[in-house]
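Comments concern the structure below.
The values are calculated or read from the model by the stated rules, or taken from the named source; none is laboratory data. Every value quoted in this text rests on a predicted model; they were computed, and no experiment measured them. In this analysis, Cβ positions are derived from the backbone assuming ideal geometry, glycine residues included, and neighbour counts consider all displayed protein chains.
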Amino acid sequence: MPINTRPAAPPKLAQGMGRLGTETAFDVLARARKLELEGKSIINLGIGQPDFRTPENIVEAGIKALRDGHHGYTPAGGIPELREAVAKDIENRHGCIVDPGDVLIVPGGKVTMFFAIMMFGEPGAEIIYPNPGFPIYESAINFSGAKAVAMPLYEKTGFSFSAEEVLGLITPNTRLLILNSPANPTGGVVPKSEIDKLVAGLTDHPHVTIMSDEIYSRILYDGQKHTCLLSYPEIRDRVILLDGASKTYAMTGWRLGWSVWPKNLIEPATRLAINDHSCVNASAQWAGVEALTGPQDDVQKMVEAFDERRKVMHKMLNELPGVSCQMPSGAFYAFPNISKTGMNARTMQNRMLDEIGVATVAGTSFGSFGEGYLRFSYANSLENIKTAMGRISDLLQK
Ligand code: PLP
């Protein structure tokens, strides 16, 4: 048989693929790994994951589940034990009653945002999202064909939103409003007074569903209390809560998340789950039961360690020439203003990685309003943070 030497025609992809973005933190991670393999000393302040191991009791619960024979499919919505544990945890922490039947167990926090955006996004629809914000919001909205409407977040207000400004973005075509507090990439936390105002205003816009990404709700500093959007009865029937185990229990690689859906949306959400992944792997779900119902001291210890690093990083960033940084209030990110260094965000990200082996993520990876900022994750050791700051200081004084 002759070998066909004609070049293959490029496959024709669906148009939406051209609109789908990415999460640059994964590119930075890949580049950092490559440089490390080439023998360079790299300090990774780029990726958003705790540098701790998953607590031992949770790991053991996952192993036990495998040994006990939990090898098959589970119900698409998740095992009842975990759905109940999620509902109980929300009740204990925020005082709001959740029907376990409205809880969907999903493979990571991202899945909830994708499902919510797929459920509401289509040409003609508008979805409001935080900018700078988690990049997948804007990417998935664009993919859906909906109009991505940026809710700008400013340094001068601690990267919180103004309720008035958000309400001003709502039109008759707005279907979904995405909120995220504590926030990635800024570490900003929206004060309860501003959320109260937003909720009061939302009562005039019953056509808008709210997806509240509260994946960092346990990572708060200075004695702050988290405000859960489910705790407002006036909008309760249109709030989707996004949460999961990745950040709180250092379980990013287990792919375990959960969401609470309004009664009328749990069925379509479950249908999406059946089409997408059938169910979350069974042993991770049993590990999740242990995470939520077992001792919580490891979470406390992890947050205390982040807090110490937060203070060191904040102080050292402010000592760098041309750099100023607000004190982050939650999550494990600092978002310094680097506009006075004379470099834009992407140039500084690339120069730091290539010239001094410090991986961070340019603010523009989180939306156009991130220009002039860099995201530093302090989910790394104090020693590494101090070494990285020393290297950056040298670079900026060159
Ligand atoms: N939401 C926010 C704000 C995040 O920062 C992240 C991860 O970085 C996620 C959701 C996704 O979490 P997961 O890794 O569980 O999918």
#### Entry: Residues of the range 74-84 classified as buried (at least 22 other Cβ atoms within 10 Å of the Cβ) and more than 16 Å from the ligand (Cβ to nearest atom), total
2
### Task
Scan the range 236-269 for residues that are away from the ligand (no atom under 14 Å from the Cβ), part of a loop (DSSP other than H, G, I, E, B) and farther than 19 Å from Asn180 by Cα and jot them down.
Lys263, Asn264, Leu265
### Task
Confirm whether Met313 is under 21 Å from Leu220 (Cβ atoms) and either among the charged types (D, E, K, R) or modelled with pLDDT of 95 or more (or both).
yes
### Query
Is it true that some residue in the range 96-109 is modelled with pLDDT under 95 and part of a loop (DSSP other than H, G, I, E, B)?
yes
### Check on Ala32, in the same structural domain as Gly390 (by TED's automatic domain parsing), farther than 16 Å from Thr248 by Cβ and away from the ligand (no atom under 15 Å from the Cβ)
yes
### Query
What are the residues in the range 122-143 that are more than 16 Å from the ligand (Cβ to nearest atom) and either surrounded by 23 or more Cβ atoms within 10 Å (Cβ to Cβ) or not small (Gly, Ala, Ser) (or both), if any?
Glu122, Pro123, Glu126, Asn142, Phe143
### Message
Condition (residue is in a helix (DSSP H, G or I) and modelled with pLDDT under 95) applied to the range 37-44: is it met by at least one residue?
### Response
yes
### Query
Among the residues of the range 345-365, is there at least one that is in contact with a Phe, Trp or Tyr (Cβ under 6 Å, 6 or more places away or on another chain) and within 30 Å of Asn92 (Cα to Cα)?
no
### Task
Could you please give the count of residues in the range 188-235 that are in contact (Cβ under 8 Å) with a residue 60 or more places away in the chain and more than 16 Å from the ligand (Cβ to nearest atom)?
6
### Summary
Flagged in the range 20-56 as over 24 Å from Ala183 (Cβ atoms) and touching a helix residue (DSSP H, G or I) at 6+ places or on another chain (Cβ under 6 Å), in numbering order, are Ile42, Pro55
### Query
Quick one: would you say Ala8 is at pLDDT below 95, more than 28 Å from Ile266 (Cα to Cα), away from the ligand (no atom under 16 Å from the Cβ) and assigned by TED's automatic domain parsing to the domain that holds Asn350?
no
